[in-house]
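The values are calculated or read from the model by the stated rules, or taken from the named source; none is laboratory data. Everything numeric in this text was worked out from a predicted model, so none of it was measured. Cβ coordinates were reconstructed from backbone atoms using ideal geometry, including for glycine residues, and neighbour counts include every protein chain displayed. Ligands, DNA and RNA are stripped out before the accessible areas are found, and what is left, the full protein with its side chains, is counted by its heavy atoms. Shrake-Rupley method; radii C 1.70, N 1.55, O 1.52, S 1.80 Å.
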Amino acid sequence: MDAISPAEKVEIRVRGRVQGVGFRPFVWTCAKKLDLAGEVFNDAEGVLIRVAGSRDSIAELRRRLQHEAPPLAHVETVESHPFSGDLPPDFRIVASREGRVGTQISPDAKICDACIADISDPSNRRFRYPFTTCTHCGPRFSIVSSVPYDRCNTTMARFGLCVECAAEYGDPADRRFHAQPIACPACGPRAKIVRLDGKSIIPALGPHSALDDVDAASHLIRQGEIVAIKGLGGYHIACDATNAASVARLRQGKRRDGKPLAMMARDLDVIRRYALLGEAESALLASIEAPIVILPARGEALPEAIAPGLKEIGFMLPTTPLHHLIMAPIDFPVVMTSGNLSHEPQLIDDAPALAKLKHIAAFALVHDRAIANRIDDSVARPMDGKIRLLRRARGYAPAPMPLPPGFADAPEILAFGAELKSTFCLVKHGEAILSQHQGDLKNSETYEDYCKNLSLYTSMFQHAPAAFAVDRHSDYLSSKLGAQLAHERDAPLIEIQHHHAHVAACLAENLRPLTAPKVLGIVLDGLGLGEENQIWGGEFLLADYLGSERLATFRPVAMLGGDRASREPWRNLYAHLAASRNFTQWRRDFGALPLLDALDAKPRATLDSMLKSGLNAPLASSCGRLFDAMAAALGLGWEAQSYEGEAAMKLEAVVDAEALRDDEAYPMAISSCANLPTIEPLPLWNAVLDDLRRQTPPGHMAARFHQGLAKVIVEMTLQLARRAHESGPRFDTVALSGGCFQNRILFEGVAQKLRAENFTVLAHGKVPANDGGLSLGQATIAAASLLNAT
Ligand SMILES: [Zn+2]
Ligand SMILES: [Zn+2]
């Protein structure tokens, strides 16, 4: 219509994570370049921009807002409307409007390339400065003690800005404009290397002359020493991962019997020497979130003690300038495991940390920036063509996740999660805010931390829950706390069945709409409280957010010794064998098998009387315990597991991939138990003992087990689908959840077979399949029931 763009005035509303991430200076820079006049400011809804200029320039500004936003920003919507008020003659960043501003806090982000360039440049005033940061990177959530997100509410409050930093902080054209954790060697925190036995550090360094304290830590690691390092969200313990003696000492000190140790490498090239690295894995390692990624080991060998009995190893890249400076001169992997004793949370406070860690590490690299919030490293694993989070913490929390269509008007809800891999979840404004992984609440320090985080999140997100959601298992500490808070605030308490919550978590992260038809949820995990006080753990549920109906299960087998069965795999094997025939009959059929001798050496009379009376031997339809039983049959983790899931992980690790064939699958039956179709493992045990008698290689047996399990799960699904076809309601979508689906071979086997049968398969990726995702499911179920009631 017209060649010359007329001047226009427009108001642009930007929503999403746009505060505290350098968004206003980005707008300012764009506006200056595009010759636009106007203003930009933060308000309660995000960022508001008012501009005057040519139509083309305004269109270009809108395009850049959508496509060129700063790295930590997450733009959800950009809307514009005509504007008729007055505007300044140039473009300005003006002070925030309204009180409720800056409540969104970004997750901690990996150091950016520009900051790496600063610390690598001898002429830069931040050369080798380990706390270098800018608007595009660095600590966020881990340093926040209250809201709004201003320096005075972070652990940087005690460091006053020097003149130069203050100038950068105040200059919209600077990368550090309004970067709250900004610091430099003149005014910011300092790192210091100390010897944990109190002696002088100098002789330990030998003939080397370290550039500074960080370089000294790097030297010590290269010399084979174990060094505790105060990182971003907690202490790590580091040593040369290729030095078997150092790794063995670290393991001994940590009392961490068998849990795999995570490693850090300075770059992808180092990782490639030890692990199979695809494009997606490389991209995730190098992302802002920078989690630990579990990769298949290959190439140069590492000491067995890095990941005993496993064929995969976990790597991350340096995430902070401190890590970057330590790692830069090191061309081999370094163990970077969380600084704690087994079963305790990662340490964050200096005095208790150093008192405990001196039993593991001889040296510590400490600094004087306090850690406000403990946050563990996140862990991801490639499975079924996608990289899936196994632990969601640093880099991800507390970023909100969208809830599916239909949940926009959900009231504010607080869901308390499970107990062992606990998280909690807030619902607000149609979003779910899932806390970072917190760990086992039975550990008193973890529980304290969980409570502290609850109050931090509540104030950070100005959250006033209208209802509280807990697991139906009232003995969980999280359920008790939820019930207590609901009582104190006179708010409804919604108790949610464990496996229903798993299915809902899977639906929610896949954005399955509130009103979508029911799916078949297959939930395979350790234990969860089912109906009528039964223990469940291998369930087929027809479910949506509003309800679930149990269609099928696994045959319930006794947990001999109650909780001890979860720790001692042989107990599950004994119970599984005893579920079909007594020990004498097994002896008669299979004779002097070493496996039967080993079981015979156990107190069988006591075990048999427990089985008979049911005393301290509750029945559980648990898939996790079936894995334990199978692992025990191969002698893996026979006596006791040193960490949760160890036996099952080792069973997966020994699988001979060549033997993963349907015609090799162990047989499992489908029978009926209490009127429910039930997966019956009896034929499996006959075949397993037969294979043992023939001395079949364990890799074949493990493969036959995984294949058999995947096959029978899909057969069960087809049976249920046929029945649903006759008598409804039908389903065409299957949701897979529960910790057993963190087993790659089982997960890929089931998912691929289901897709081959034309089912749509939903699975976890952004939240863990294990109990770490449970609070998201609880929150959406509670929201659905409240929305349905209104
Ligand atoms: Zn930066
Ligand atoms: Zn400074």
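Taking all protein chains into account, the per residue accessible area for the stretch 703-746 stands at 36 Å² (1.4 Å probe). Shape class for the chain, computed from the alpha carbon gyration tensor (a ≥ b ≥ c): oblate, with a/c not under 1.5 and a/b at or below b/c. Positive-end ranking of GLY231, TYR169, VAL247 along the dipole of the stretch 142-291, with charges on Cβ about the Cα centre, is headed by VAL247.
Sequence-distant contacts, meaning Cα pairs under 8 Å at least 6 residues apart, place the relative contact order of the stretch 149-284 at 11 percent.
Each stretch of four or more DSSP H residues adds -39500 (n - 2.57); spread over every residue of the chain, this sum gives -10000 deg cm²/dmol at 222 nm. Note on exposure: CYS162, CYS152 ranked by accessible area (1.4 Å probe, complete protein assembly) read CYS152, CYS162, with the most exposed listed first.
Expressed as a whole number of Å, what is the distance separating the alpha-carbon centroids of the stretch 675-736 and the stretch 417-475? Measuring centre to centre over Cα atoms gives 36 Å.
Ligands, DNA and RNA left out, the 1.4 Å accessible surface of the chain is 52% carbon and sulfur atoms. Helix 244-254 axis versus longest C-alpha principal axis of the chain: approximately 90°, rounded to the nearest ten. Averaged over residues, the count of other Cβ atoms within 10 Å places the peptides 16-23, 50-57, 113-120, 181-188 in the sequence 16-23, 181-188, 50-57, 113-120, highest first.
Antiparallel beta bridges, as assigned by DSSP with both residues in the chain, represent about 75 percent of the total such bridges. Taking a straight Cα-Cα cut-off under 21 Å and skipping sequence neighbours fewer than 8 places away in the same chain, the lysines within cross-link reach of LYS32 are LYS9. Show which lysines lie in cross-link reach of LYS650 when reach means a straight Cα distance below 28 angstrom and same-chain residues fewer than eight apart are skipped. Within the straight-line cut-off, LYS650 pairs with LYS254, LYS259, LYS311, LYS386, LYS421, LYS442, LYS602, LYS711, LYS753, LYS766. The Rg/Rh ratio of the stretch 391-488, with Rg taken over Cα atoms and Rh as the Kirkwood radius over Cα pairs, comes to 0.95. Taking a sphere under 10 Å around the Cβ of ILE292 and counting the other residues whose Cβ falls inside, with K and R at +1 and D and E at -1, yields a net charge of +1. Entry note, the chain: relative contact order of 11 percent, from Cα contacts under 8 Å with a spacing of 6+ residues. Compute the long axis of helix 55-67 from its Cα atoms, compare it with the longest principal axis of the Cα atoms of the chain, and write down the angle in degrees, 0 to 90, nearest 10. It works out to around 40 degrees.
The residues of the stretch 520-632 present an accessible area of 37 Å² per residue when probed at 1.4 Å with all protein chains retained.
Modelled this way, with points 7 Å down the Cα-to-C-beta line, the labels at ASP490 and TYR169 are 4.5 nm from one another.
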